[in-house]
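The values are calculated or read from the model by the stated rules, or taken from the named source; none is laboratory data. Just so it is clear, the model here is predicted, and its values are computed rather than measured. Ideal geometry is used to build each Cβ from the backbone, glycine not excepted, and the neighbour counts take in all protein chains shown.
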Amino acid sequence: MAPEQKTLNPFGAEITPQGVRFRLWAPQAKQVELRLQKDFFPLARKEDGWYELVEPRAQAGDLYKFRIDGEQLVPDPASRFQPQDVDGPSEVIDPAAFRWNEGWQGRPWRDAVLYELHVGAFTPEGTYAGVVHKLNHLKEIGITAIELMPLSDFAGRRNWGYDGVLPYAPDSAYGRPDDLKRLVQAAHDAGLMIFLDVVYNHFGPKGNYLHVYAPQFFTQRHETPWGAAIDFAQPAVRQYFVNNVRYWLEEFRFDGLRFDAVHAIHDDSPRHILDEIAESVREGKHLVLENDANQSRFIGPGKYDAQWNDDSHHGYHVLATGEDDGYYVAYADAPAKHLARCLAEGFAYQGETSPFTKEPRGEASAHLPPACFVDFLQNHDQIGNRAMGERLLSLTEARKLRVLSAIQLLAPSPPLLFMGEEWGCRQPFLFFCDFDGELGEAVRHGRRAEFSRFASFKDRVPDPLAETTFRRCVLRWKDRDTAWLAHYKELLSLRKSEIVPLDCGPGRYRMLGERAFEVSWDGLKLVANCGEDPVAVDAPARQPLWSNGAPGQPWTANWWK
């Protein structure tokens, strides 16, 4: 599906027939100059805080910065590339220089089997090219879409990606912009969709200069866990992020985006920024939310395709591990019932009071089809936010994980795997970053303080700044477990042939015991026992799809058409 004719981004450096047009929104500045190589050129002041210059001598590859009021040099907030990290100069990029193969038509959302990966930790190379070399592996096991953790330029060489400060600039640690485009092209050539995780709820703690010349970008009316809230009531701010969505979907041809923690996006405008973003995206692209508030109002036709379903994850996790601290306390009373409700109706909490927050959580979701809820047993957060970054296979028995994965992968909701999950990876995925000075020390101290109440490992929390911490997370492909690979390949093949064509609507669930339940959708039925005690079950007179034991026996799952 070829993108529509691109219009000039109102922000940043754009190549035109007359030269390179440089544009900056700097309402607080009295004067803005362009530093191009070693020379300075004044930008003309326009209306509403804009500054603009068309420089005929500028060209692709040139390095530049803006100088504010004759003093501070800053990178372009709409920089397409930062070859010398966030504090360095921006580079003029010609987006038309890359030659795409035409013919990719995308894939429908119902096909989605998502695979989340961190570009730097997925392969020893830690580059876009390294990911390309593993695409055939993903295709062969039944993955249909890869989802990249955030790429926006961050300070240092190592980061999860959620500390980005330049949303238009893919980080130089992984390669150049054209290298990213080659990855997108290679994914499409392999028949895979490719998604990008984007962060619009905050900017990272280092390398963000917007407060110098555009403090109006932020508001004191709201707070976020990560710093100043972005002021989406400002027209220029809204435009900045709406254009960023189009930038990734059109200029880089991503098939979809995952929006991080949208419950922390505060907007007092008559039309919420999330609605404006959804309306700006054309048909054929897919939008997915992470939303701890479980606001089903944003999901559905013409809106967002789906939401990551933390509720189902928490049900799976408590069943597998028995953990009941932190937010797991809200699922520990009846994990099987919470999971069954998620499989049938979407959210476990649809307005009920959460025992964790002591407040009502969520909105009604039973009217939405399973396709609106992305289910996962593991992801970067649920592994990496643990002090020691343990994967689920290090926390539970393999027999339990085989049953839970059979439930997840054959349920109608689109499943998501985290890199290495398909071959039984036991390596940790730890929190890591590469900040220096006082910020680095603050992050190190904060990480240890976060887990200080756990006496067993409070002194063993890995140093997030150490390169060795990051290296422990880089996948060791030689450790692949062929039995786990065969298990996932079998389930995903069955999903493709038997589950996807059903295009199921909402389901119905019934508890058969404390840890046993059945869920039915039109044309599909599951009976699962995620406990150690058998329950009496009458097997339906239907075609069996998958089983690991007689219905109702301990730790079994049975699927029928």
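Test PHE435 against the stated conditions and say whether it is crowded, with 21+ Cβ neighbours inside 10 Å, more than 30 Å from TRP109 (Cα to Cα) and either in contact with a helix residue (DSSP H, G or I) (Cβ under 8 Å, 6 or more places away or on another chain) or in contact (Cβ under 8 Å) with a residue 12 or more places away in the chain (or both). The answer is yes for PHE435. Checking each residue in region 24-79 for being assigned to a loop (DSSP other than H, G, I, E, B) and aliphatic (A, V, I, L, M) picks out ALA26, ALA29, LEU43, ALA58, ALA60, ALA78.
Results for (1) over 20 Å from the mean Cα position of the chain (by Cα); (2) in contact (Cβ under 8 Å) with a residue 40 or more places away in the chain; (3) in a strand (DSSP E or B), shown as yes or no for each residue.
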residue: LEU274; (1), (2), (3): no, no, no
residue: TYR328; (1), (2), (3): yes, no, no
residue: LEU339; (1), (2), (3): yes, yes, no
residue: SER365; (1), (2), (3): yes, yes, no
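Criterion applied to ASP76, ASP85 was being farther than 19 Å from THR7 by Cβ and in the same structural domain as PRO42 (by TED's automatic domain parsing), and the one residue passing it is ASP85.
Among the conditions (1) more than 25 Å from VAL237 (Cβ to Cβ); (2) out of contact with any Asp or Glu (no Cβ under 9 Å at 6 or more places or on another chain); (3) touching a residue at least 24 places away in the same chain (Cβ under 8 Å), the only one that SER280 does not satisfy is (1).
You will find that of PRO369, PRO355, PRO415, the residue that is in contact with a Cys (Cβ under 7 Å, 6 or more places away or on another chain) and either at pLDDT 95 or above or among the hydrophobic types (A, V, I, L, M, F, W, C) (or both) is PRO369 and no other.
The rows are residues; the columns are (1) under 27 Å from GLU514 (Cβ atoms); (2) among the small types (Gly, Ala, Ser); (3) in contact (Cβ under 8 Å) with a residue 60 or more places away in the chain.
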position: LYS285; (1), (2), (3): no, no, yes
position: VAL288; (1), (2), (3): no, no, yes
position: ASN294; (1), (2), (3): yes, no, yes
position: ILE299; (1), (2), (3): no, no, yes
position: LYS303; (1), (2), (3): no, no, no
position: SER312; (1), (2), (3): yes, yes, yes
position: ALA332; (1), (2), (3): yes, yes, no
position: PRO335; (1), (2), (3): yes, no, yes
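Scan region 225-233 and give yes if some residue there is surrounded by fewer than 23 Cβ atoms within 10 Å (Cβ to Cβ), modelled with pLDDT under 95 and charged (D, E, K, R), otherwise no. Within region 225-233 (the criterion being surrounded by fewer than 23 Cβ atoms within 10 Å (Cβ to Cβ), modelled with pLDDT under 95 and charged (D, E, K, R)), the answer is no, since none of the residues qualifies. Got at least one residue in region 159-180 being surrounded by fewer than 23 Cβ atoms within 10 Å (Cβ to Cβ), farther than 21 Å from ALA129 by Cα and touching a residue at least 12 places away in the same chain (Cβ under 8 Å)? Yes, region 159-180 contains at least one residue that is surrounded by fewer than 23 Cβ atoms within 10 Å (Cβ to Cβ), farther than 21 Å from ALA129 by Cα and touching a residue at least 12 places away in the same chain (Cβ under 8 Å). Does region 542-561 contain at least one residue that is free of Cβ contacts under 8 Å to residues at least 24 places away in the same chain, surrounded by 15 or more Cβ atoms within 10 Å (Cβ to Cβ) and polar (S, T, N, Q)? So far as region 542-561 goes, yes, one or more of its residues are free of Cβ contacts under 8 Å to residues at least 24 places away in the same chain, surrounded by 15 or more Cβ atoms within 10 Å (Cβ to Cβ) and polar (S, T, N, Q). Looking at TRP160, is it within 29 Å of TRP308 (Cα to Cα), in a loop (DSSP other than H, G, I, E, B), modelled with pLDDT of 95 or more and within 16 Å of the chain's Cα centre (by Cα)? Here the answer is yes, as TRP160 does meet what is asked. Counting only strands (runs of 3 or more DSSP E) that fall entirely inside region 446-561 and contain at least 2 residues that are in contact with a strand residue (DSSP E or B) (Cβ under 6 Å, 6 or more places away or on another chain) and of a type in the set (S, T, N, Q), the qualifying elements are 556-560. Going by the structure shown, is GLN59 among the polar types (S, T, N, Q), farther than 16 Å from GLU251 by Cβ and either modelled with pLDDT of 95 or more or exposed (fewer than 14 other Cβ atoms within 10 Å of the Cβ) (or both)? So GLN59 passes the test.
Within region 370-407, track down each residue that is of a type in the set (Gly, Ala, Ser), touching a Leu at 6+ places or on another chain (Cβ under 7 Å) and over 22 Å from ARG460 (Cβ atoms).
Restricting attention to region 370-407, the residues satisfying the condition of being of a type in the set (Gly, Ala, Ser) are 371, 384, 387, 389, 394, 398, 405-406.
Going one step further and asking which of them are touching a Leu at 6+ places or on another chain (Cβ under 7 Å), we end up with 384, 389, 405-406.
Correct list: SER405, ALA406.
For region 153-179, the set of residues classified as under 25 Å from VAL242 (Cβ atoms) and of a type in the set (Gly, Ala, Ser) consists of GLY161, GLY164, ALA169, listed by residue number.
Of note, ARG80 does not satisfy the criterion of being in contact (Cβ under 8 Å) with a residue 12 or more places away in the chain, surrounded by fewer than 22 Cβ atoms within 10 Å (Cβ to Cβ) and over 22 Å from PRO235 (Cβ atoms). Give the residue that is surrounded by the fewest Cβ atoms within 10 Å (Cβ to Cβ), with candidates limited to residues of region 331-362 that are within 17 Å of ASN291 (Cα to Cα) and among the small types (Gly, Ala, Ser). Here the answer is GLY351. Can VAL113 be described as outside the structural domain of ASP436 (by TED's automatic domain parsing), in contact (Cβ under 8 Å) with a residue 40 or more places away in the chain and under 23 Å from ARG246 (Cβ atoms)? Taking the combined requirement at face value, the residue does not satisfy it.
Of all residues in region 382-419, how many are among the basic types (Lys, Arg) and not in a helix (DSSP H, G or I)?
Looking only at that region, the number is 2.
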